[in-house]
Amino acid sequence: MPQQRVSMAMVAQRAGVSGQTVSRVANDSPKVDPDTRARVEQAMADLGYRPNRAARALRTGRTHTLGLVAQTLATVGNSRMLQAVAESAASHGYAVTVVTLGAGGDIDEAFDRLRDQGVDGAIVLNEATTLARDAASAGLRLVVVDSAPDERFTVIGTDHAAGARAATEHLLAAGHATVHHLAGPEASFAAAERERGWRQALAAAGIAAPGIVRGDWTAASGHAQAAHLSEATAIFAANDQMALGALRALADAGRRVPDDVAVIGFDDIADAAEFQPPLTTVRQDFDALGEQAVQVLIADIEGGRAATSLLAPALVVRASA
């Protein structure tokens with residue numbers, strides 16, 4: 001026998017309030033005092049009440065669904081951001097619809113798909129941000145992660161340049177004459193900012209920047225490109241995955257880390273401490289970044305404003321540098 005669906009009337013009876021009050025709580029109305037709201041939410045949790053999203057959308061004109069656009073979810077940074085956004089959105093009572101562009105993807109088409117699904121707004125990640133600046137996003141509230149400022153949408157992000165400066169300065173302070181850079185994709189804003197921070201640190205030390213080699217964020221590209229850094233004694237890799245590939249290439253060449261060459265990555269992925277040797281890296285707070293993206297977007301959707309700032313990364317020193 002199918003389980004009876006929990007109704008608003010049942011929640012109202014459990015909480016000792018009117019059905020209208022339950023409706024206001026379900027629709028996030030500010031016209032409910034905190035104690036009553038807490039009592040209704042507890043009754044909802046006790047009974048397993050699930051708001052009818054379709055009905056609520058008809059009443060409020062909002063679906064309580066956010067879109068997320070990414071070039072790919074294969075990179076660790078993007079997958080971490082998806083998890084952070086999904087968890088934060090759920091805590092605010094929103095669902096998430098994901099669109100990936102793939103190679104040569106059309107972001108206008110992605111935005112059209114999200115509009116067709118009635119999302120209240122969308123978050124655009126990393127490599128897709130360059131495309132977002134040229135896209136027909138009219139009518140769609142956007143928060144863009146890691147992008148140059150743009151009056152058409154809100155930009156949030158990590159201070160990648162500051163993190164890269166810290167990594168480069170750490171290597172120079174260890175006595176290295178220069179620091180080589182294993183850079184990310186040329187079209188990536190985050191990669192460009194990390195390269196900029198590396199150049200700033202070298203310039204401040206009066207050191208000419210050596211030529212860079214460029215990967216595509218993958219460990220395989222880090223392994224391939226590290227072969228061009230055979231003279232390096234210090235390498236700053238633009239992400240941890242490429243640093244992992246570089247560690248393998250150095251081991252293949254018989255070069256010891258950190259005795260012969262020091263290596264620093266960026267991101268502090270979950271496995272960074274398990275690399276051989278454990279990787280010194282720059283930590284991004286993906287959870288805080290995802291929470292800020294969701295808070296800013298929901299504030300825009302609901303007619304308010306939320307403060308934005310570049311999130312400060314932190315250098316995590318381990319055994320590789």
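The values are calculated or read from the model by the stated rules, or taken from the named source; none is laboratory data. Treat the numbers as computed from the prediction; the structure is a model and nothing was measured. Quick reminder, even Gly has a Cβ in these numbers, built from the backbone with ideal geometry, and neighbours come from all protein chains shown.
Are any residues in region 4-47 in a loop (DSSP other than H, G, I, E, B) and under 22 Å from Thr63 (Cβ atoms), and if so, which ones?
Arg5, Val6, Ser7, Asn27, Asp28, Ser29, Pro30, Lys31, Val32
Residues checked against (1) within 30 Å of Gly290 (Cα to Cα); (2) of a type outside the set (S, T, N, Q); (3) assigned to a helix (DSSP H, G or I); (4) touching a residue at least 60 places away in the same chain (Cβ under 8 Å):
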{"site": "Ala161", "(1), (2), (3), (4)": "yes, yes, yes, no"}
{"site": "Thr168", "(1), (2), (3), (4)": "yes, no, yes, yes"}
{"site": "Ala190", "(1), (2), (3), (4)": "yes, yes, yes, yes"}
{"site": "Gln200", "(1), (2), (3), (4)": "yes, no, yes, no"}
{"site": "Ala209", "(1), (2), (3), (4)": "no, yes, no, no"}
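Count of region 45-70 residues, restricted to those that are of a type outside the set (Gly, Ala, Ser), modelled with pLDDT of 85 or more and surrounded by 16 or more Cβ atoms within 10 Å (Cβ to Cβ), is 5.
The set of residues in region 271-321 that are modelled with pLDDT of 90 or more and of a type in the set (Val, Ile, Thr) comprises Thr280, Thr281, Val282, Val294, Val296, Ile298, Val316, Val317. The conditions of being under 23 Å from Asn78 (Cα atoms), in a loop (DSSP other than H, G, I, E, B) and not hydroxyl-bearing (Ser, Thr, Tyr) are met by Pro149.
Residue-wise test of (1) surrounded by fewer than 19 Cβ atoms within 10 Å (Cβ to Cβ); (2) in the same structural domain as His176 (by TED's automatic domain parsing); (3) under 19 Å from the mean Cα position of the chain (by Cα); (4) not in a helix (DSSP H, G or I).
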site: Arg194; (1), (2), (3), (4): no, yes, yes, no
site: Ala203; (1), (2), (3), (4): yes, yes, no, no
site: Glu231; (1), (2), (3), (4): yes, yes, no, yes
site: Ile264; (1), (2), (3), (4): no, yes, no, yes
site: Ala273; (1), (2), (3), (4): yes, yes, no, no
site: Ala293; (1), (2), (3), (4): no, no, yes, no
site: Ile298; (1), (2), (3), (4): no, no, yes, no
site: Gly303; (1), (2), (3), (4): yes, no, no, yes
